[in-house]
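Written below as structure tokens is the structure these notes are about.
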Amino acid sequence: MVGDMHDWPTTLKDAGMRVTAGRVAVLTILADQPHMRVGDMTEAVRERTGSASVQAVYDNLAALHAHGLIRRVEPAGQPPRYELENGDNHHHLMCRICGDMRDVPCAVGAAPCLSAADDHGFLIDEAEVIYWGTCANCNERKQ
């Protein structure tokens, strides 16, 4: 497992956070399984730590997000997904049928990847793009 090889306690300390089993579990799981929903994350944390409430997982995700260690992606009509924040401002592919989400490199150029026609005075630092469609597996099942 890739996530198990990372020094998550040091990462947490460097971000000014307390090291807890729940936070280490969330980071380890996201390193191996990006784009997780809270329900799936709760199950995975329970398997790693023995117990975890949904609220505890939400709290850990919120704290990790607030400290810039994870990214929250909110596809329209879907529950939020979480992944490790890697600062590359990549975008996502989303299957309308099964909900599979995959990373895709930035649309064009360096972050924020897209230029707004009128920035209204905003200093834009991120552009979030989700390409919607049907994944290869669902396309095969339709035929």
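Please treat every number below as a calculation from the coordinates, not as lab data. Being a predicted model, the structure only gives us computed values, none of them experimental.
Please figure out what share of the DSSP beta bridges in the chain is antiparallel and state it in percent, rounded to the nearest 5.
Bridges in the chain are about 70 percent antiparallel.
From the list (1) -0.27, -0.84; (2) -0.33, -0.94; (3) -0.50, -0.89, can you say which value of log10 I(q)/I(0) by the Debye sum over Cα atoms at q = 0.09, 0.16 Å⁻¹ was derived from the structure given?
(2)
In deg cm²/dmol, rounded to 500, what helix-only [θ] at 222 nm does the chain give when every DSSP H run of at least 4 residues adds -39500 (n - 2.57) and the total is split over its residues? Provide the component values of the computation, followed by the final result.
Details: 5 runs with 51 residues, N = 143.
When only DSSP H runs of four or more count, the value is -10500 deg cm²/dmol.
Return the percentage of antiparallel bridges among DSSP beta bridges fully within the range 87-142, rounded to the nearest 5 %. Could you put the intermediate results ahead of the total?
Values: 4 of 8 bridges.
Close to 50 percent.
Note the full-extension length gain between ARG141 and ASP7 as 0.36 nm times their separation in residues minus their Cα-Cα distance, in nm to one decimal.
Values: separation 134, 0.36 × 134 = 48.24 nm, distance 4.11 nm.
Here the answer is 44.1 nm.
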